[in-house]
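Below is one structure, written out as C-alpha cells, with a few remarks after it.
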Amino acid sequence: MVDRLFVPAVFAGVLATMPPVTAMPEDRAHWLDTAYRTMRAEFSGPHGLEAMRLARVFRAALADVTAELNPAA
C-alpha cells in the first residue's frame, strides 16, 4: 500500500526537486533536511498548518535515512 500525502500547490516547487528513491542516502538526507527547514520557515505563513504536517513527514523520513546511514547509532 502506498502512503498518500496532500501537498498544497504552494509547496509543489519543494517536492519538484525531490531526489528519486534510488538516489544515494546522503543526497536524500540533504534534500530532506533542506525541505524540513523550508517547511519550518513557512509555519507563520498562510499555509502554516500544511507546512507543519509536511515538516513532520520530512522529519520522520530524515530519521529513517539517518538510521540507514548510521545503522549502529
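The values are calculated or read from the model by the stated rules, or taken from the named source; none is laboratory data. In this text, all values refer to a predicted model and were calculated from it rather than measured experimentally. Note: ideal-geometry Cβ built from the backbone for every residue, glycine included; neighbour counts use all protein chains shown. For the accessible areas, the whole protein counts, side chains as well, though only heavy atoms, and no ligand, DNA or RNA atoms are used. Shrake-Rupley method; radii C 1.70, N 1.55, O 1.52, S 1.80 Å.
Here are the criteria: (1) open to solvent by less than 50 Å² (accessible area, probe 1.4 Å); (2) under 14 Å from Val7 (Cβ atoms); (3) touching a residue at least 40 places away in the same chain (Cβ under 8 Å). Tell me which single one Glu50 does not satisfy.
(1)
Which numbered condition in (1) modelled with pLDDT of 95 or more; (2) over 25 Å from Leu69 (Cα atoms); (3) of a type outside the set (Lys, Arg) is the only one that Val10 fails?
(1)
I need every pair where a residue in the stretch 59-73 that is loosely packed, with under 13 Cβ neighbours inside 10 Å has its Cβ under 9 Å from the Cβ of a residue that is among the basic types (Lys, Arg), sequence separation at least 6 or different chains.
From the stretch 59-73, the pairs are Glu68/Arg28.
Can you tell which of Val21, Val7 is in a loop (DSSP other than H, G, I, E, B) and either in contact (Cβ under 8 Å) with a residue 12 or more places away in the chain or surrounded by 12 or more Cβ atoms within 10 Å (Cβ to Cβ) (or both)?
Val7
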